[in-house]
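Before any comments, here is the structure.
The values are calculated or read from the model by the stated rules, or taken from the named source; none is laboratory data. Predicted, not measured: the structure shown is a model, and the values here were computed from it. All Cβ positions, glycine included, derive from the backbone under ideal geometry; neighbour counts span all protein chains shown.
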Amino acid sequence: MTTPVIECVEVSKAYGKRITALKNLSLTVAEGTSFGLLGENGAGKSTLVRLIMGFIFPTAGRVRVLGEEHVARAHPRIGYVHERPIFETRFKGREYLHYLGQLSGLWGAANRQRAQEVLELVGLQEAADRTVGTYSKGMLQRLAIAQALLTDPALLILDEPTSGLDPRSQWEVRQIIAGLRRQGKSLLLCSHYLAEVEALCDAVAILRQGELLLSGTVADLLHAQDVVEIVLAQDYSASEVAARLQFGEQVMETQGNVLRIPGPAQQRILAALVEARIAITSLNPLSQTLEDAYVQITGNDGTVTKAGETGTEINGVSGKGELL
Amino acid sequence: MSAQEISPAPTVDLRRALREFWHWPSVTIARFTLARYVRSGWILGDLIFVWLLYAIFFFEFGGNVAYFFGTAGQGLSALAILSAVVMTQRAMNARVYLPLARITSRASYIRGLVLATGVLRVPAFLLLLALAASYHHFSPPPCTGIGGCIAGATPANITIGAIGLLANCIVISTLVVTFSAPIATRLARIGLLAWVAAVLYSSASPGPIAAILSITRIPLMPLAACYNLGANGTIGWSGALALAIDIAYIIGLSLLAEYWMAKRDLILH
């Protein structure tokens with residue numbers, strides 16, 4: 001069993017008496033996992049990241065990062081990218097990296113060498129001796145990633161690393177993150193871009209109004225939300241067949257001779273169709289994206305569909321925040 | 001006894017020790033905070049303030065050493081407040097997240113900030129002294145009176161006075177850091193302002209209420225004693241005690257700031 005790099009146990013965070021940003025959230029991120037944190041604005045993502053970084057403290061519950069309950073003690077082993085570039089604009093990129101390197105215990109030649117390495121890694125070596133104020137947004141974000149990598153951290157926390165970037169810069173930043181993932185780094189990626197999370201993460205958690213709606217591996221989540229299209233022979237009406245065989249709520253949609261059903265119900269419905277000797281022309285699994293799954297989970301109309309509440313068991317995906 | 005039997009004297013690798021000190025997180029943060037203050041141009045404000053202080057109070061009228069330290073003390077204390085406010089506000093915004101994400105204790109950041117605001121008092125004083133000295137020659141030998149010298153100024157009492165003045169200015173800059181947002185709560189800042197108001201009222205107004213409120217001036221007695229060091233030219237036991245209390249204030253206020261900072265939720269923009 002791998003060691004968790006992040007453990008949140010029944011964490012709540014309230015700002016004053018009126019605002020509850022997180023409610024009783026439990027979450028575990030295993031070592032070597034690339035973990036995505038999803039949710040709408042105000043869902044509690046930034047609050048959770050700040051808790052994990054130790055910038056704020058939980059009202060209740062416990063946060064443990066890299067085995068440290070006093071989170072700041074783990075800071076030398078964490079690389080952190082803030083949700084927006086927050087650099088000293090009058091300093092050169094290289095100077096700023098030297099400063100942060102010194103705070104991490106890197107001195108002299110070792111500090112200079114490491115700064116050069118991370119600058120090359122993010123492709124900023126040519127702009128390193130320009131003041132940060134002259135950098136584009138994409139360059140600032142690459143500098144943010146460079147500073148996070150200074151100490152070769154065990155855990156990288158990336159808070160919306162591609163937010164506000166042009167498509168080219170987004171692609172470049174994603175390439176860097178993908179490279180880190182391939183190296184087996186533990187990543188916590190907080191993002192609004194579902195395609196980005198789908199491409200870069202092994203597992204995700206979805207937050208909604210301060211609560212953990214769901215967490216699990218991306219593969220399981222997509223599989224759990226799979227839709228299968230069953231095309232019956234021309235002379236069958238899908239709605240009549242569904243009514244006759246009492247599929248009820250298992251059928252998502254009928255259209256002419258086409259039945260659309262959730263992936264997990266596929267085996268049961270197929271067995272019933274075969275038993276009733278209903279001819280099937282074709283069986284088409286409809287590929288889902290994380291975006292489709294997200295919309296289904298959170299509901300088109302903004303209502304929440306919780307796995308546990310619907311009575312549907314979703315393989316590998318828990319509604320209680322456990323990464324299975 | 002042969003040379004081989006002589007064990008080498010224990011040596012302190014001073015260079016390494018200095019290098020380690022230079023790279024302490026607090027010292028690194030202080031260096032960076034000062035560099036940011038200089039590059040942002042705010043240092044020009046300090047220079048202009050000191051030059052104005054000299055132009056208004058010392059250009060035409062040299063006065064004696066008590067006048068020099070009395071005026072310089074008040075002027076540089078005001079500058080200590082202004083530059084500490086600016087430096088702290090610039091150091092305690094969202095940019096603090098990146099350095100804080102590297103260090104294992106917020107206390108290092110506070111110590112660095114206190115160090116930076118304190119260290120800046122030294123060049124401000126030296127500049128004022130240099131400006132005053134460049135126009136007025138110090139006495140003795142012969143001081144011809146007002147306008148031509150700082151009467152009674154000797155290297156000894158300038159040094160002693162400088163120690164007292166700088167101690168007071170560093171206490172003030174540390175106080176500003178400690179009671180700045182987001183380190184201190186709003187309630188703590190209101191408490192500080194109430195104390196300052198009570199001190200000013202008790203100093204300026206007659207009557208029984210002012211007499212009762214004069215108790216609020218007791219914490220300022222060591223600072224008053226330090227201001228007098230330059231005029232007296234000697235430290236003495238009372239001056240040494242005042243200096244010790246000033247140092248205790250600086251340490252105590254820094255520890256208070258560290259304690260408050262350690263408990264604060266940092267939501268900065």
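Name the single residue, out of those in region A:243-255 being among the aliphatic types (A, V, I, L, M) and surrounded by fewer than 18 Cβ atoms within 10 Å (Cβ to Cβ), that is nearest to A:L270 (Cα to Cα).
Once the filter is applied, the top-ranked residue is A:L245.
A quick yes/no check of all residues on (1) over 18 Å from B:L100 (Cβ atoms); (2) crowded, with 23+ Cβ neighbours inside 10 Å:
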position: A:L37; (1), (2): yes, yes
position: A:I56; (1), (2): no, no
position: A:G67; (1), (2): yes, no
position: A:E83; (1), (2): no, no
position: A:R112; (1), (2): yes, no
position: A:L124; (1), (2): yes, no
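Any chance region B:87-101 includes a residue that's surrounded by 22 or more Cβ atoms within 10 Å (Cβ to Cβ), among the hydrophobic types (A, V, I, L, M, F, W, C), within 14 Å of another protein chain (Cβ to nearest Cβ) and not in a helix (DSSP H, G or I)?
Yes, the conditions are met somewhere in region B:87-101.
I'd like to know if region B:245-259 contains one or more residues that are assigned to a helix (DSSP H, G or I), within 14 Å of chain A (Cβ to nearest Cβ) and surrounded by 13 or more Cβ atoms within 10 Å (Cβ to Cβ).
yes
Could we say that A:L222 is closer than 30 Å to A:G36 by Cα, in contact (Cβ under 8 Å) with a residue 40 or more places away in the chain and not β-branched (V, I, T) here?
yes
Kindly indicate whether any position in region A:87-105 is in a loop (DSSP other than H, G, I, E, B), crowded, with 21+ Cβ neighbours inside 10 Å, touching a residue at least 12 places away in the same chain (Cβ under 8 Å) and touching a strand residue (DSSP E or B) at 6+ places or on another chain (Cβ under 8 Å).
no
Consider only pairs whose beta carbons are under 7 Å apart and that are at least six residues apart or on different chains; among these, list those whose first residue lies in region B:188-200 and is within 17 Å of B:L256 (Cβ to Cβ) and whose second residue is surrounded by 13 or more Cβ atoms within 10 Å (Cβ to Cβ) and not aromatic (F, W, Y).
B:W195/B:T216
Looking at region B:179-194, is at least one residue assigned to a helix (DSSP H, G or I) and among the polar types (S, T, N, Q)?
No.
Could you tell me whether any residue of region B:57-67 is in contact with a Leu (Cβ under 6 Å, 6 or more places away or on another chain) and either modelled with pLDDT of 95 or more or crowded, with 18+ Cβ neighbours inside 10 Å (or both)?
Step one: filter region B:57-67 for residues in contact with a Leu (Cβ under 6 Å, 6 or more places away or on another chain), giving none.
Within region B:57-67, not a single residue is in contact with a Leu (Cβ under 6 Å, 6 or more places away or on another chain) and either modelled with pLDDT of 95 or more or crowded, with 18+ Cβ neighbours inside 10 Å (or both).
Given the structure, is B:W51 more than 14 Å from every other protein chain (Cβ to nearest Cβ), modelled with pLDDT of 90 or more, more than 14 Å from B:L120 (Cα to Cα) and within 22 Å of the chain's Cα centre (by Cα)?
Values: more than 14 Å from every other protein chain (Cβ to nearest Cβ): yes; modelled with pLDDT of 90 or more: yes; more than 14 Å from B:L120 (Cα to Cα): yes; within 22 Å of the chain's Cα centre (by Cα): yes.
Yes: the conditions hold for B:W51.
Is one or more of the residues making up region A:55-78 polar (S, T, N, Q) and either modelled with pLDDT under 90 or not assigned by TED's automatic domain parsing to the domain that holds A:A154 (or both)?
No, there is no match, as no residue in region A:55-78 is polar (S, T, N, Q) and either modelled with pLDDT under 90 or not assigned by TED's automatic domain parsing to the domain that holds A:A154 (or both).
Restricting the first residue to region A:23-47 and requiring it to be part of a strand (DSSP E or B), which pairs with a second residue that is aromatic (F, W, Y) meet a Cβ separation below 7 Å and a spacing of at least six or different chains?
Note: pairs meeting the criteria are A:V29/A:F35; A:L38/A:Y294.
Can we say B:I160 is modelled with pLDDT of 95 or more and buried (at least 16 other Cβ atoms within 10 Å of the Cβ)?
no
Kindly check whether there is at least one residue in region A:276-292 that is within 16 Å of A:L207 (Cβ to Cβ), at pLDDT 70 or above, part of a helix (DSSP H, G or I) and not charged (D, E, K, R). Don't jump to the end; show me each part of the working.
Step one: filter region A:276-292 for residues within 16 Å of A:L207 (Cβ to Cβ), giving A:290.
So of that shortlist, the ones also at pLDDT 70 or above come out as A:290.
If we keep only those that are part of a helix (DSSP H, G or I) too, we end up with A:290.
Checking which are not charged (D, E, K, R) leaves us with A:290.
There is at least one residue in region A:276-292 that is within 16 Å of A:L207 (Cβ to Cβ), at pLDDT 70 or above, part of a helix (DSSP H, G or I) and not charged (D, E, K, R).
Please work out which residue is farthest from A:G67 (Cα to Cα), limiting yourself to region A:143-157 and to residues that are in contact with a helix residue (DSSP H, G or I) (Cβ under 7 Å, 6 or more places away or on another chain) and assigned to a helix (DSSP H, G or I). Reasoning before the result, please.
To start, the set of residues in region A:143-157 that are in contact with a helix residue (DSSP H, G or I) (Cβ under 7 Å, 6 or more places away or on another chain) comprises A:143, A:145-147, A:149-151, A:153-157.
Still in the list and also assigned to a helix (DSSP H, G or I): A:143, A:145-147.
Values: A:L143: 28, A:I145: 24, A:A146: 25, A:Q147: 23 Å.
The residue in question is A:L143.
Okay, residues lined up against (1) at pLDDT 90 or above; (2) of a type in the set (V, I, T):
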| position | (1), (2) |
| --- | --- |
| A:A110 | yes, no |
| A:E117 | yes, no |
| A:V122 | no, yes |
| A:G133 | yes, no |
| A:A146 | yes, no |
| A:A154 | yes, no |
| A:L158 | yes, no |
| A:T162 | no, yes |
| A:S169 | no, no |
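Pairs under 9 Å by beta carbon, first residue within 12 Å of chain B (Cβ to nearest Cβ) in region A:145-164, partner in a loop (DSSP other than H, G, I, E, B) and of a type in the set (D, E), six or more apart or different chains?
Taking only residues 6 or more apart or on different chains, the pairs are A:L155/A:E31; A:D159/A:E83.
Which condition number in (1) assigned to a helix (DSSP H, G or I); (2) facing chain B (nearest Cβ under 9 Å); (3) farther than 16 Å from B:P25 by Cα is the one that A:A109 fails?
All conditions are met except number (2).
Cβ-Cβ under 7 Å, sequence separation 6+ or interchain: first residue in region B:19-41 and at the interface with chain A (Cβ under 7 Å from one of its Cβ atoms), partner surrounded by fewer than 18 Cβ atoms within 10 Å (Cβ to Cβ). Which pairs?
Qualifying pairs under 7 Å: B:H23/A:W107; B:R36/B:R90; B:R39/A:R90; B:S40/A:R90; B:S40/B:R90.
Kindly provide the set of residues from region A:107-136 that are among the β-branched types (V, I, T) and farther than 18 Å from A:I177 by Cα, ordered by number.
Selection gives A:T131, A:V132, A:T134.
Please determine, by comparing only the residues of region B:102-128 that are facing chain A (nearest Cβ under 10 Å) and either in contact with a Ser or Thr (Cβ under 6 Å, 6 or more places away or on another chain) or surrounded by 21 or more Cβ atoms within 10 Å (Cβ to Cβ) (or both), which one is nearest to B:F58 (Cα to Cα).
Result: B:G112.
For region A:77-86, which positions are under 20 Å from B:I267 (Cα atoms) and either in contact with a strand residue (DSSP E or B) (Cβ under 7 Å, 6 or more places away or on another chain) or more than 9 Å from chain B (Cβ to nearest Cβ) (or both)?
A:I78, A:G79, A:Y80, A:V81, A:H82, A:E83, A:P85
Regarding A:A199, is this residue free of Cβ contacts under 8 Å to residues at least 40 places away in the same chain, within 26 Å of A:G138 (Cβ to Cβ) and either part of a helix (DSSP H, G or I) or basic (K, R) (or both)?
Yes.
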